[in-house]
Amino acid sequence: MNFNTAHFYESFLYGIKYFPNTLRLVFIPLAIGLTLGTVIALARVYKVPVLCKLLGIFVTVYQGVPIVVALMIYNLVFMLKFNDLAGFLHIKTKAADVDNIWVGIFALSLTAVCSISEAIRGALLSIDKGQDEAGYSVGLTKVQTIRRIIIPQMIPAAIPTLINHVVGLIKASSVVMAIGIIEIVAGATIPSSRTYSFFEGYVAAAVIYWAFTIMIEYLAKVLRRHTGRFRRNPYD
Amino acid sequence: MMNQWIKKIVIKAVLTALGAAMLTGCGKKTAAADTGVTKVVVGTGNAYAPYCYLDEKGDLAGYEYEVLKAVDELLPQYEFEYQTSDFANVLISLDAGKIDLAAHQYEWNKERDDKYLFGKEPYTTYVTYLAVTGDRTDIKSLDDLKGRKVKSSTGSNSVYILENYNKDHPDNPIKIDYVDNSTDEETVTGLVNGVWDATILTKRDTEKLNQNYGGGRDVLKVTGEPVQSSSTYFVFAKDNTRLQEAVDGAVKQLKESGKLAQISKDVIGGDYTESE
Amino acid sequence: MDKLFGWERFFENIPKILPYLSVTFQIVVYATGFGVLLAAFIVLAELKKIPVLNPFFKVYVSFMRGTPMLVQLMIIYYGIPALIDPVFGTNINRGFSAVTFAYITFILNQGAFLSAIFYGAITSIPYGQTEAGFSVGLTELQTFRRILLPQMVRIALPPFGSDLVGLFQNSSLVFLIGVTDIMGRAKSIGAATKHVLEAYVFVVIIYIVISLTIRLLFYYLNTKLEYGREGVE
């Protein structure tokens, strides 16, 4: 097998062209995951009755579901039931009008919510209970304590795990090609279906992903230094 | 010390792993060499009923397999061994030298011909049409699909047709959805619910889908003139003319004896070896 | 159209899918077993700063962590033979079956991921501990085995557990190169019986059970180790 540089280059350009789709597939679920994940983590750490149990079960069980299978099921259900659902809700949108990238975003978001909530929960638990008490003792309400004391400390503690999840999300986003969403891998192999240079296509996709994750990890390093600025380590 | 201790273990482990893998690999080869029979690895798909799919027991079944079995019987100098994979990976495997013969209802097209060696003896006709839901009347030709969504899969001939069409009509291209290794159920569901406006199918595949998912109705139909009339061929590596000639000869024999038509009737449900 | 989900179809699928669980388990066992050895070797090269190997492993680990499993599977399945065969005159391209390449991919991938976990664990133990070992006359190996390893295991255990869950899930990609595991079997049942949803749902249940079992097991191990720690304090 010969490595064809021209085909590699063409695949590379195609992969880049669909890079924005990967960005959407990563950052929308990330935003949803951070918001809902924090809410879930707080509900569980502060033991909101009933909800905390239910969320705990959901997160633990759902983390066992491989994203590929979940995606296949959502896609099948989406194609079959979306029109009924839209009709039921009196929405005029039809399955045909919905870009199926949203099915991918939905699946990735659920995964992100679960894993991010676990990361944040871990960070919250690592904060000393005395911090809450200190907040209450100076007359802050529970919400104020969480917002002003707990969350600012939680963020730097959660960042390393969060970055791992972001990198995981970037890589997981490639599975959506299974339902026909064109992201980097599917994009890079588009020219391959004409030239049959699939190997070059996959290598091109790998290069793009690799560069992207290295960049994210570099940004994470900078971010970590920045958020850790106020954390004094007596041993330093 | 620790250094050497760990090194030893790692080296031993790697050697055993490699050794085990080599042994399993070599075992097969020597068996073939003893009898003077050349082993031919056939690559085919695993999700295209009734041509190549895994049956209820998980074994390879379908028209491609039955035809190749008959071909193998006629060629004492070769012994066929089958390797299934995802559709898009069959031709890559041929390119990478992992298989000698690719069988997946391959139609001839120029790009493929540049890279691979096609058999000269077709073994099924393959006339493709646009397939839409039973109640649609607005789509008759590729021109009606401008700006609409069409389901296709990476590496297929329908992608080739659609992309060529788009190259000639860049102003309002057909939106191609590359859905790899999808199931029939997904194809029907997507078309019925309007996720895709059309796809490219043969008449017999459309009938098969109606039979399996229609519940007595024609949920899908082919429309308009054929998109392409061609036949399917076995595909070989560029320089493997010896195997190609041998297989072609056997296919020809099967045609003359009526065996090929019989297999087609038995497996696909009609004689599709010469005409639709 | 037929009913989307039928319980009788669901139960019919169970005996068809379960035997393929062994394929999934084989991949996981090979990947973890050899992955741990490879990871130990990588960590050793990193700690000892072995020239050539150390920077090589850095790039290697970064690649394995930075690219999707699917892409790695394809590159190794098609690329490794192209690299090795011409050099050593072998024919692993044909000699190795698809499942062997699946093992190799997952071993290489796990080696990289586990090395990061092990490296993090070992470097989180203060160097004073090693010095303490030497000062009482322990050899390097003894220090490692009696002082560092027990602490390392406790630190590495939780991330190792989640890695294992992820490995099970990722193993479902091998269907693409023609290895039939439970996910692949579910798909092929879909093609043969025209109904795929029931099979998918059953596969999801299997994965959930596996993941819960692993979590429980690691939780149990973790409490065991914590207990031992308290005793010392």
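The values are calculated or read from the model by the stated rules, or taken from the named source; none is laboratory data. These numbers were taken from a predicted model, which means no experiment stands behind them. All Cβ positions, glycine included, derive from the backbone under ideal geometry; neighbour counts span all protein chains shown. Areas reflect the complete protein model, heavy atoms only, side chains present, ligands, DNA and RNA absent. Shrake-Rupley method; radii C 1.70, N 1.55, O 1.52, S 1.80 Å.
In region B:80-97, the residues that give up 10 Å² or more of accessible area when the other protein chains are added, compared with the chain on its own (1.4 Å probe), are B:Gln83, B:Thr84, B:Ser85, B:Asp86, B:Ala88, B:Asn89, B:Leu91, B:Ile92, B:Ser93, B:Asp95, B:Ala96, B:Gly97. Averaged over the residues of peptide B:166-178, the number of Cβ atoms from other protein chains lying within 10 Å of each residue's Cβ is 1. When the C-alpha to C-alpha distance is required to be over 19 Å, the pairs from B:Lys115/B:Lys203; A:Lys221/C:Lys49; B:Lys120/B:Lys238; B:Lys208/C:Lys194 that qualify are B:Lys115/B:Lys203; A:Lys221/C:Lys49.
Can you give me the Cα centroid spacing of region A:154-187 and region C:79-134 in angstrom? If we compute the Cα centre of each part, the gap is 23 Å. So the label point goes 7 Å from the Cα of A:Thr227 along Cα→C-beta, right? Which residues of region A:121-155 then have their backbone N under 13 Å from it? Those under the cut-off are A:121-124, A:151-155. GNM on chain A, alpha-carbon springs under 10 angstrom: the most fluctuating residue among A:Ala172, A:Ala205, A:Ala96 is A:Ala96. Of the options B:Leu142, B:Ala96, B:Cys52, report the single residue whose Cα projects farthest towards the positive end of the charge dipole of chain B (beta-carbon charges: Lys, Arg +1; Asp, Glu -1). The one lying farthest along the dipole's positive direction is B:Ala96. If only the Cβ of Lys and Arg carry +1 and only the Cβ of Asp and Glu carry -1, the dipole of chain B around its Cα centre is close to 980 debye. As a length-normalised measure over Cα pairs under 8 Å and 6 or more apart, the relative contact order of region A:1-143 settles at 40 percent. Charging the Cβ of each Asp and Glu at -1 and of each Lys and Arg at +1, and nothing else, the dipole of chain A about its Cα centre rounds to 720 debye.
Shown are C:Ser97, C:Ser135, whose ranking by accessible area with a 1.4 Å probe and every protein chain present, most to least, is C:Ser135, C:Ser97. In this structure the amide hydrogen of B:Ala198, modeled in the peptide plane, comes within under 5 Å of the amide hydrogens of B:Lys151, none closer than 5 places in sequence on its chain. Listed by chain and number, the aspartates and glutamates whose C-alpha is less than 16 Å from the C-alpha of C:Lys187, apart from same-chain residues fewer than 8 away, are B:Asp55, B:Glu56, B:Asp59, B:Asp86, B:Asp180, B:Asp184, B:Glu185, B:Glu186, C:Glu12, C:Glu198. Ranking B:Val247, B:Trp196, B:Ala131 by Cα position along the charge dipole of chain B, where only Lys, Arg, Asp and Glu carry charges on their C-beta atoms, puts B:Val247 farthest toward the positive end. Per-residue 3J(HN,Hα) values for region B:70-81, derived from phi via the Karplus relation 6.51 cos²θ - 1.76 cosθ + 1.60 with θ = phi - 60°, read 5, 4, 4, 4, 7, 10, x, 6, 10, 10, 8, 10 Hz in sequence order (x marks Gly and Pro). Between region B:34-78 and region B:222-276, the C-alpha centres lie 14 angstrom from each other.
Kirkwood-based Rg over Rh for region C:149-233 (C-alpha set), two decimals? Expressed as Rg/Rh, it is 1.20. From the residues C:Val204, A:Ala112, C:Phe175, which one has its Cα farthest along the dipole of the protein assembly as shown in the positive direction, the dipole being from +1 and -1 charges on Cβ of Lys/Arg and Asp/Glu about the Cα centre? Toward the positive end, the furthest listed residue is A:Ala112.
So if I take the centroid of the Cα atoms in region C:1-63 and the same for region B:156-183, what is the distance between those two points in Å? Spelled out, the Cα-based centre of one part sits 35 Å from the other.
For region B:43-51, backbone phi angles converted through the Karplus equation (6.51, -1.76, 1.60; θ = phi - 60°) give residue-by-residue couplings of x, 8, x, 10, 8, 10, 6, x, 8 Hz, Gly and Pro being listed as x. Measuring only protein heavy atoms, the 1.4 Å probe finds C:Lys194 accessible over about 40 Å².
Peptide C:161-174 is shielded by partner chain Cβ atoms: per residue, an average of 3 of them sit within 10 Å of its Cβ. Largest first and in whole Å, the equivalent-ellipsoid semi-axes of the protein assembly as shown read 48, 33, 22, each the square root of five times a Cα gyration tensor eigenvalue. When A:Val143, B:Val219 are compared by accessible area at a 1.4 angstrom probe, the order from most to least is A:Val143, B:Val219. Under 23 Å Cα to Cα from A:Lys53, which lysines show up? Leave out anything in the same chain fewer than 8 places away. Within the straight-line limit of under 23 Å, A:Lys53 reaches these lysines: A:Lys129, A:Lys142. Dipole magnitude for the protein assembly as shown: computed about the Cα centre from +1 point charges on Lys and Arg Cβ and -1 point charges on Asp and Glu Cβ, it is near 3120 debye. Rolling a 1.4 Å probe over the protein heavy atoms gives region A:108-235 an accessible area of 45 Å² per residue. When the residues A:His7, C:His195 are ordered by accessible surface, computed with a 1.4 Å probe over the protein chains alone, the sequence from largest down reads A:His7, C:His195. Here the Gaussian network model covers chain A, with springs between Cα atoms less than 10 Å apart; of A:Phe12, A:Phe88, A:Phe106, A:Phe88 fluctuates the most.
Pairs spanning more than 19 Å between alpha-carbon atoms, out of B:Lys110/B:Lys167; B:Lys69/B:Lys255; B:Lys39/B:Lys252; A:Lys94/B:Lys221: B:Lys39/B:Lys252; A:Lys94/B:Lys221. Per-residue SASA remark: C:Ile80, around 40 Å² accessible (1.4 Å probe; ligands, DNA and RNA not included). When the Gaussian network model of chain C links Cα atoms closer than 10 Å, the mean-square fluctuations of C:Val43, C:Val203, C:Val136 top out at C:Val136.
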